[in-house]
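I have placed the structure first, in the form of structure tokens, so that the comments after it can refer back to it.
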Amino acid sequence: MINPSEVGKAGEMVRLRTLESIWIQGKLRMWGRWSYIGGGSGGNMFNQLLASGKITKTAINEALRRMKKAGISKPELEAFFKEILEGKNKSGLAFCSDEEALKIDSVISAELLRSDNKGLHKLIEDRYVYRMSKKAMARHLNEKHPEWCLRTCESRIDVWLSIAESTLYRPMCDVFGTNGDRFYLNDCAESASIMLSSGR
């Protein structure tokens, strides 16, 4: 499958390129799962359980004991397992360690909470922790602002999420020590233009 290098209108400064958007959304989904399960207290335990080659009865009992101790409720656990079972991709990329989640959490706190972007933080939380669809978020916004039509609310939610993800992208790359420009295809484009001009 060929993905466009950019989404949205050309020249927009706020939009991330497709691969950047996929990368930041993946990090936010992992953080959201970690945050949702017992406020982050049970996430790493699930990683350890799922990473082991064989899940034993003893390991399950230990996990249940630790969940009860952490205060994870039955509805939280059911929602977590339902998401795992209904998910299309069964991979370790769906989960993150406590260390990774705390890094993501620190970036979100620094960029959205401390810089007084609490509205954007609420949107990120609704989308990735509480897993609200954009449509549900738009309906909720429409209830608060009945003078706006639903389509306007959908557009605003989409733009605000895009702004929040764009705001988080560069600092998230820094905290994970990744090159934020790695998704640029400039080298490929330059190579292709050289090959075309030389007649190969």
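For L141, what charge total do you get from the other residues with a beta carbon under 13 Å from its beta carbon, if Lys and Arg give +1 and Asp and Glu give -1? Neighbourhood net charge equals +3. Ranked by the mean number of other Cβ atoms within 10 Å of their residues, highest first, the peptides 127-136, 100-109 fall in the order 100-109, 127-136. Computed 3J(HN,Hα) for the range 162-171, one whole-Hz value per residue from the Karplus formula 6.51 cos²θ - 1.76 cosθ + 1.60 where θ = phi - 60°, is 4, 5, 4, 5, 5, 5, 7, 4, 4, x, glycine and proline marked x.
Taking R114, R139 and ordering them by how much accessible surface each has at a 1.4 Å probe, largest first, produces R114, R139. Taking 0.36 nm per residue of separation and subtracting the Cα-Cα distance, full extension of the segment from A136 to T18 would add 40.1 nm. Of L150, L141, the order by accessible heavy-atom surface (1.4 Å probe, DNA, RNA and ligands excluded), from most exposed downward, is L150, L141.
Since only S155, L113, L123 are under comparison, the one whose Cα sits farthest along the positive direction of the charge dipole of the range 93-185, derived from C-beta charges on Lys, Arg, Asp and Glu, is S155. For a 22 Å ceiling on Cα separation, which of these pairs sit above it: K69/K118; K27/K144; K122/K144; K103/K135? Result: K69/K118; K27/K144; K103/K135 exceed 22 Å.
The values are calculated or read from the model by the stated rules, or taken from the named source; none is laboratory data. This one's a predicted model, so the numbers in the text were calculated from it and none came from an experiment. Cβ: placed from backbone, ideal geometry, glycine included. Neighbour counts: every protein chain shown. Side chains are part of the model used for accessible areas, which takes the heavy atoms of the whole protein and leaves out ligands, DNA and RNA. Shrake-Rupley method; radii C 1.70, N 1.55, O 1.52, S 1.80 Å.
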